[in-house]
Every structure is written in C-alpha cells, then in structure tokens.
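The values are calculated or read from the model by the stated rules, or taken from the named source; none is laboratory data. None of the values given here were measured: they were computed from a predicted structure. Cβ sites come from the backbone with ideal geometry, for glycine too, and all protein chains shown count toward neighbours. SASA here: full protein model, heavy atoms, side chains in, ligands and nucleic acids out. Shrake-Rupley method; radii C 1.70, N 1.55, O 1.52, S 1.80 Å.
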Amino acid sequence: MKNTFLKRPYINITNENGRIIGNGANQGWFSNSPWFNVSGQGCGIISALDTLFYIKGDRIITKADYQQAILDFAKSIVFTKLFMHEFFGKFAIGLTPLQITKFLNKKLGNGYKVTYNGRYGHEDMLVKMEDQLEADLPVIWSLYRPHKRITLYTYKSVPGEYIPATTTNSHYVNAIAVIHDAAPNHDTMIKISSWGKIYFIDYDEYLAYTGNSIISAVTSNIFLIKKLQ
C-alpha cells in the first residue's frame with residue numbers, strides 16, 4: 001500500500017538564539033503565567049496553531065511568536081481560559097472540537113473549511129487521514145478513551161524498530177504521515193507531532209484502544225480540513 005506524507009517539511013520552533021527546539025510546539029514550554037495552564041491542558045491549542053502555521057506556509061516559528069499566538073487564541077475563542085482551568089487541581093474540560101474548528105475557520109478564511117469527524121465514528125477514518133495528507137494538510141487527531149491509555153512509539157533506524165516511549169489517555173496530536181507495512185509487528189503506523197517531538201501510533205492499537213466505546217467514537221477522532229479554492 002502507498003505511504004502518505006505531507007509534501008513540505010513540518011514546522012520547527014526556534015529559541016531566542018535561533019536554535020531549533022521542537023518539531024511543532026511543546027505545551028510544556030508554557031508552564032507559568034500568563035499561559036493559563038497551557039502546559040496541563042493546552043494540547044488542543046498547540047495542535048490548532050501548528051496546523052495554522054503549516055497551512056499558512058510559516059516553516060520556522062520563534063518561541064516568542066508562538067507565545068503571542070497562544071494569547072491571540074485565548075482572546076479569539078470565548079471561554080478558552082475557563083475550559084483550560086483545572087478545578088480542585090485535577091478536573092478540567094479542556095478545549096472542545098467546536099472551539100478548535102471555530103478558531104481555524106476564522107483564521108483560515110473562506111479558502112478552507114474545517115469540520116470535526118466525530119459523528120461518523122472510525123469508519124473510513126484512515127482513508128480520510130490519507131486523503132487529507134495527500135492534499136498537504138496536517139490532521140488534528142483527538143485521542144480519548146475513558147480509563148484506557150494508548151502507546152506512543154519512537155523509531156530507531158538501527159535496528160529498524162518502533163520502541164514504546166510514552167502513553168496517553170486524553171490528548172490532541174497532529175498526524176503528519178501514514179506508513180504501511182512499517183514493521184513485522186506494526187502494519188500501519190501514524191507519524192505524529194506531539195510535545196515538540198516526533199512519535200508514532202499503531203493504527204490497529206488505536207482501534208483496539210477506542211474499541212466499541214460510543215464516547216470514543218465521538219471524542220477520539222479527526223478534524224477534516226478541505227481546501228475550497
């Protein structure tokens with residue numbers, strides 16, 4: 001089967017000295033005021049902004065410019081800070097797909113249309129990912145399943161293996177490639193950007209992670225971006 005990649009290099013973030021510090025942004029950089037808990041609940045903002053910068057053709061973004069973009073997001077989308085707030089130091093809603101689609105539709109203008117695929121579940125979701133990547137559009141991917149976690153892998157070229165690196169239960173990431181026949185024990189791997197690094201998710205493991213959960217059929221899904229012109 002054909003592998004599918006974005007046509008351009010993914011965005012890089014640089015520090016004040018011009019050194020690359022991330023493949024995409026890392027929410028953990030924004031741990032203090034005035035970042036209103038971006039480090040804890042900001043993955044949705046990061047995914048949205050990374051996508052916006054890539055589509056606009058901004059290849060290199062300084063951390064300072066990214067900081068300003070986060071503040072602009074919060075000013076643009078009502079209740080951002082409330083939804084990001086952790087009540088009792090533990091519970092937070094986090095950004096909703098509606099807030100992300102509203103932001104991207106506003107910023108991208110009439111040339112694009114952004115919708116959320118949640119009501120369609122996981123049928124044909126992989127094909128939709130590949131179609132969007134083929135159109136050179138990153139895929140914002142919401143990962144959520146109550147009381148279950150999914151593994152994120154790194155790739156080691158020697159010996160050519162995918163190595164478990166971390167897990168997550170509730171997270172937004174950006175899919176930037178689909179790789180088939182990736183390894184003997186990984187038929188299809190989705191290359192993603194998250195926390196300023198490159199990881200991989202086994203798509204079969206993702207389907208097992210979401211299972212028959214009606215909640216995950218809606219909340220663990222992708223954003224569809226179409227270029228209209």
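Below is a table of values for the structure above.
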{"read-out": "Matching residues in the stretch 33-49 - criterion: being open to solvent by 40 Å² or more (accessible area, probe 1.4 Å) and in a loop (DSSP other than H, G, I, E, B)", "value": "Ser33, Pro34, Asn37"}
{"read-out": "Residue satisfying all of: in the stretch 62-80; open to solvent by less than 10 Å² (accessible area, probe 1.4 Å) and over 17 Å from the mean Cα position of the chain (by Cα); modelled with the highest pLDDT among these", "value": "Ile77"}
{"read-out": "Residue in the stretch 190-202 that is on the phi > 0 side of the Ramachandran plot, under 18 Å from the mean Cα position of the chain (by Cα) and either part of a strand (DSSP E or B) or buried (at least 16 other Cβ atoms within 10 Å of the Cβ) (or both) present", "value": "yes"}
{"read-out": "Conditions (1) modelled with pLDDT of 95 or more; (2) open to solvent by 10 Å² or more (accessible area, probe 1.4 Å); (3) touching a strand residue (DSSP E or B) at 6+ places or on another chain (Cβ under 9 Å); (4) aliphatic (A, V, I, L, M); number of the one not met by Ile13", "value": "(2)"}
{"read-out": "In the stretch 127-169, the residues that are among the hydrophobic types (A, V, I, L, M, F, W, C), open to solvent by 30 Å² or more (accessible area, probe 1.4 Å) and assigned to a strand (DSSP E or B)", "value": "Ile163, Ala165"}
{"read-out": "Selection within the stretch 126-149 - under 15 Å from Ser220 (Cα atoms) and touching a strand residue (DSSP E or B) at 6+ places or on another chain (Cβ under 6 Å)", "value": "Met129, Val139, Ile140, Trp141, Ser142, Leu143, Tyr144, Arg149"}
{"read-out": "Among the candidates Tyr116, Tyr172, residue that is touching a residue at least 12 places away in the same chain (Cβ under 8 Å), open to solvent by 30 Å² or more (accessible area, probe 1.4 Å) and under 18 Å from the mean Cα position of the chain (by Cα)", "value": "Tyr116"}
{"read-out": "The stretch 86-103 - residue that is part of a loop (DSSP other than H, G, I, E, B) and out of contact with any Asp or Glu (no Cβ under 7 Å at 6 or more places or on another chain) and, of those, modelled with the highest pLDDT", "value": "Thr96"}
{"read-out": "Extreme residue, nearest to Asp58 (Cα to Cα), among residues of the stretch 84-116 that are small (Gly, Ala, Ser) and touching a helix residue (DSSP H, G or I) at 6+ places or on another chain (Cβ under 7 Å)", "value": "Gly94"}
{"read-out": "Of all residues making up the stretch 3-36, the number that are at positive phi and touching an Asp or Glu at 6+ places or on another chain (Cβ under 7 Å)", "value": "1"}
{"read-out": "Pro184, sole failed condition from (1) without any contact (Cβ under 8 Å) to a residue 60 or more places away in the chain; (2) in contact with a Phe, Trp or Tyr (Cβ under 8 Å, 6 or more places away or on another chain)", "value": "(2)"}
{"read-out": "Matching residues in the stretch 175-185 - criterion: being within 28 Å of Ala135 (Cβ to Cβ) and open to solvent by 40 Å² or more (accessible area, probe 1.4 Å)", "value": "Asp181"}
